[in-house]
């Protein structure tokens, strides 16, 4: 396990990664962290500062950490860059110690800690030792926190035996070993996440410990996936971790004690890590190829046409969901933080344009094979609808899709079905009888969503085409819409039990106004979505993430909100 952690630490970047892990580690060791990494303000060489005892026999000490990534060599020690370690140490001694240490610690001994994920290279070892030897006094000491020492501390305090049982260690090792088989890797990490976020008979402090451990485990998985150039397991695991951590952390909402605050800080770190993983996946794997005809379809390397179809809709949902998170973060940015505002605004625009390029250059996105692909369709359409300039493109996409589906029913056997099994889907149709067709098209969420968007946004062609499909081919089919119910808050984030309710026999054959009236009325009555903690605390993308990850229909309230905002 130490080798696993050691490799993980060596791969961490200085900013936002190693310096983000260190405060949690120090807190778990029992130290009081009084300075964390800051953005935009000078910290005079200190990235993290803490006070306390490392052992019961040692004296209470002020620990000042200067953090560097990877190995410490000449270019990081003293190459003329103000951010190098040697000038940072000088700043700590000249400025931080005299002026920035809290008054209650002024008379305590100080230890400057050189912290890095790797090791000190031989080429600079003598320089470091001689320099620190000259500065050492009775009240000022130095220590080296290299990758080996950090790995020991992480294993001892964050993954120690009584806190991370043998089965969890085994699951983490299995997940790391199988990153080239992402589904298997995710299966093991999923079991690990369930174990660490279980809150049964646990005190809040123990829940916090489990969440911190899971955060560290996710970082380890992400770093290995990053090194292995295969982010799939990290992507799925980050989504699952975020959802299960939300459920485990709910006890902390609205409370201000230390454990609750620390729990919410760790939850925020997991949300940010999920965004980092999904952004890297989208930025590196998807966006560079969206504007090339058939590029992503070809990259699937399919064994059959169904493989391309399934993967393209999956990619569409991921791209749209990442865009929704960027839009949410844009809404959280303060007016003073201009740089962050520009970053997320540009990200939203880029993701919306990339979705349109992906659709145009991969026409298989006009022909869904599975009814549940409506989930990815809704995520994409809803995200595009946030900017009115994309509405014509949405109209074009829905019109082409509804026409293609009509043609599939009329002239082909590859119409959308409720089949979930991959083996059955690639064999579809097993026969061409009417009974078989009725058995695999008993119900649908796809067509009501197309009709709802079309009615609300004023698109007559796709609305009429769905009406025609219903009348000619699917008179037997129950068009339905999904709603969250009283039990959803308890089961949505973990999906440990079926929950929710449906509105059956949605009237897509009536006038658009009647459909809207029916949906608005039902949304007003079935409004439990607004009781969900993710909504009450304004983290609505959590709901969309759960829908994508667990393959649940997106609640109709998201679409009806477009209508209400239009009014």
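No lab work stands behind these numbers, since they all come straight from the coordinates. None of the values given here were measured: they were computed from a predicted structure. Cβ coordinates were reconstructed from backbone atoms using ideal geometry, including for glycine residues, and neighbour counts include every protein chain displayed.
As a calculated quantity, the FRET efficiency between residue 83 and residue 412 at R0 = 60 Å, using C-beta atoms, amounts to about 0.45. Estimated from the Cβ-Cβ distance and a Förster radius of 45 angstrom, the FRET efficiency linking residue 332 and residue 303 is about 0.55. Here's the picture: a label point sits 7 Å out from the Cα of residue 434 along the beta-carbon direction, and within region 456-483 the residues with their amide nitrogen under 15 Å of it are 471-477.
State whether region 59-102 is rounded, prolate or oblate according to the following rule on the C-alpha gyration tensor (a ≥ b ≥ c being the square roots of its eigenvalues): a/c under 1.5 gives rounded; otherwise a/b larger than b/c gives prolate, and the remaining case gives oblate. Oblate is the answer for region 59-102, as a/c is 1.5 or above yet b/c matches or exceeds a/b.
Based on C-alpha pairs under 8 angstrom that are at least 6 apart in sequence, region 162-289 has a relative contact order of 25 percent. Cβ-Cβ distance of residue 103 and residue 57, R₀ of 25 Å, FRET efficiency by 1/(1 + (r/R0)^6): the value works out to about 0.40. Decide, for region 1-158, between rounded, prolate and oblate: order the square roots of the alpha carbon gyration tensor eigenvalues as a ≥ b ≥ c, take rounded if a/c falls under 1.5, and otherwise choose prolate if a/b is larger than b/c, else oblate. Since a/c stays below 1.5, the shape of region 1-158 is classed as rounded. For region 364-566, the relative contact order is 22 percent, taking Cα pairs closer than 8 Å that sit 6 or more residues apart in sequence and dividing their mean separation by the residue count.
Computed from the C-alpha gyration tensor, the three semi-axes of the ellipsoid equivalent to the chain are 51, 23, 22 Å, from longest to shortest. With the Cα gyration tensor of region 162-289 giving a ≥ b ≥ c as the square roots of its eigenvalues, does the rule (a/c under 1.5 for rounded; else a/b larger than b/c for prolate; else oblate) give rounded, prolate or oblate? Oblate is the answer for region 162-289, as a/c is 1.5 or above yet b/c matches or exceeds a/b.
Note on 222, 294: ascending count of other Cβ atoms within 10 Å places them as 294, 222, the fewest first. Given 5 Å bins starting at zero, what is the percent of C-alpha pairs of region 364-566 in each, up to the one with the largest pair distance? Taking every Cα pair in region 364-566, the percentages come to 1, 7, 16, 20, 20, 16, 11, 6, 2, 0, 0. Within region 291-429, all pairs of alpha-carbon atoms sorted by distance into 5 Å bins from zero give the percentages 2, 10, 18, 20, 19, 13, 8, 5, 3, 2, 1, 0. The distance between label points at residue 74 and residue 426 comes to 5.7 nm (points 7 Å beyond Cα on the Cα→Cβ vector). The angle between the Cα long axis of helix 446-457 and the main principal axis of the chain comes to about 90°, on a 0 to 90 degree scale. Fewest-first ordering of 498, 242, 401, 29 by other beta carbons within 10 Å of each residue's beta carbon gives 498, 29, 401, 242. The order of 403, 6, going from fewest to most other C-beta atoms within 10 Å of their C-beta, is 403, 6. For the chain, the longest principal axis of the Cα atoms and the long axis of helix 374-385 meet at an angle of about 80 degrees.
Against the chain, whose longest principal axis is taken from its Cα atoms, helix 305-332 shows a tilt of about 60°.
Here the sum of -39500 (n - 2.57) over DSSP H runs of 4 or more residues, divided by the residues of the chain, equals -17500 deg cm²/dmol at 222 nm, to the nearest 500. Each Cα pair under 8 Å and six or more residues apart adds its sequence gap; the mean of these over the residue count of the chain is a relative contact order of 9 percent.
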